[in-house]
Amino acid sequence: QVQLLESGGGLVQPGGSLRLSCAASGSIFNRNRMGWYRQAPGKQRELIAEITSLGFTIYANSVKGRFTISRDSAKNTVFLQMNTLKPEDTAVYYCNTAPRALDAWGQGTLVTVSS
């Protein structure tokens, strides 16, 4: 059974930081590259960060240098450290396999960047 549970979102001021977590079922975590996606209001969901099982990372230009993806294989958890947040980072954030996502999605976690 696929399980993806995101957490850590909230309201933060511009320039602030948040750390998101995603607990994934072992059946998908151990064999796959994992990624963080986000969907801003009125926009399509986009892949913003990926991490391979060996820890190699890829970032979208919009978050490069500000966000860091990491994974804890012992806990089947993937993280997204978000620094220097901007209002345009406001979105619902999801994790899933990458670069191709599974059909099943978690509920996501809402990040709102506003003063």
(message) Testing residue 68 on (1) loosely packed, with under 14 Cβ neighbours inside 10 Å; (2) more than 18 Å from residue 101 (Cα to Cα); (3) free of Cβ contacts under 8 Å to residues at least 60 places away in the same chain; (4) of a type in the set (S, T, N, Q), one condition comes back false. Which one is that?
(response) (1)
(message) Take the residues in region 71-88 that are open to solvent by less than 40 Å² (accessible area, probe 1.4 Å) and of a type in the set (A, V, I, L, M); name whichever of them is farthest from residue 16 (Cα to Cα).
(response) 78
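Count, please, the residues in region 91-115 that happen to be open to solvent by 20 Å² or more (accessible area, probe 1.4 Å) and either of a type in the set (S, T, N, Q) or outside any loop (DSSP other than H, G, I, E, B) (or both). Please lay out each step first, then the result.
Start the filter on region 91-115 by keeping residues that are open to solvent by 20 Å² or more (accessible area, probe 1.4 Å), which leaves 92, 94, 99-105, 107, 110, 112, 114-115.
With either of a type in the set (S, T, N, Q) or outside any loop (DSSP other than H, G, I, E, B) (or both) added as a condition, the list becomes 92, 94, 107, 110, 112, 114-115.
Qualifying residue count, region 91-115: 7.
Could you pull out the residue among 53, 62 that is touching a helix residue (DSSP H, G or I) at 6+ places or on another chain (Cβ under 9 Å) and modelled with pLDDT of 95 or more?
Working: 53 fails: modelled with pLDDT of 95 or more.
Going through 53, 62 in turn, just one is touching a helix residue (DSSP H, G or I) at 6+ places or on another chain (Cβ under 9 Å) and modelled with pLDDT of 95 or more: 62.
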(message) Condition first: open to solvent by less than 20 Å² (accessible area, probe 1.4 Å), farther than 23 Å from residue 3 by Cα, out of contact with any helix residue (DSSP H, G or I) (no Cβ under 6 Å at 6 or more places or on another chain) and without any contact (Cβ under 8 Å) to a residue 60 or more places away in the chain. Can you find one or more residues in region 35-50 that meet it?
(response) no
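The values are calculated or read from the model by the stated rules, or taken from the named source; none is laboratory data. Note that the structure is predicted; figures quoted are calculated from it, not measured. Quick reminder, even Gly has a Cβ in these numbers, built from the backbone with ideal geometry, and neighbours come from all protein chains shown. Protein only, heavy atoms only, side chains kept; ligands, DNA and RNA dropped before computing areas. Shrake-Rupley method; radii C 1.70, N 1.55, O 1.52, S 1.80 Å.
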